[in-house]
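Below is one structure; the comments refer to it alone.
FYI, it's all coordinate maths here, none of it is from the lab. The structure presented is a predicted model; accordingly, all values stated were derived computationally and were not measured. FYI the Cβ positions are ideal-geometry reconstructions off the backbone, even for glycines, and counts take in every protein chain you see.
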Amino acid sequence: MGLAILLALVTYVFLTKSIVKSVEKRTGSKKLTYLVAAVFVLTPTWDIVPGWLYYGYLCDTQGGLKI
């Protein structure tokens, strides 16, 4: 399982680099290149903030000791 995750990570990084280089070559715009790179970097972590807020809400309203 760990090898599959490592392979997926390496593939994602390779795909990201190739797409960012392609965008830079086609447009020549540094701003667009940085935007595309930011989207690829932030995509795997997009659900952390909403999840953290939701779980914080659940801990405040549903949490407690139930025996």
Under 29 Å from Lys17, Cα to Cα: lysines that are on another chain or at least 8 residues apart: Lys25, Lys30, Lys31
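Based on alpha-carbon atoms only, what is the radius of gyration of the chain relative to the globular estimate 2.2 N^0.38 Å? All intermediate terms of the calculation are to be shown ahead of the outcome.
Details: Rg = 18.9 Å, N = 67, 2.2 N^0.38 = 10.9 Å.
For the chain, the normalised Cα radius of gyration is 1.74.
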Tell me the trypsin sites (Lys or Arg not before Pro) within region 15-67 that lie in a loop according to DSSP and have at most 11 other beta-carbon atoms within 10 Å. Lys66
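Enumerate by residue number the chymotrypsin sites (Phe, Trp or Tyr not before Pro) in the chain meeting two conditions: DSSP loop (anything except H, G, I, E, B), and at most 13 other Cβ atoms within 10 Å of the site's Cβ.
Working: sites: Tyr12, Phe14, Tyr34, Phe40, Trp46, Trp52, Tyr54, Tyr55, Tyr57; in loops: Trp46.
Counting only loop positions with at most 13 other Cβ atoms within 10 Å, the chymotrypsin sites (Phe, Trp or Tyr not before Pro) in the chain are Trp46.
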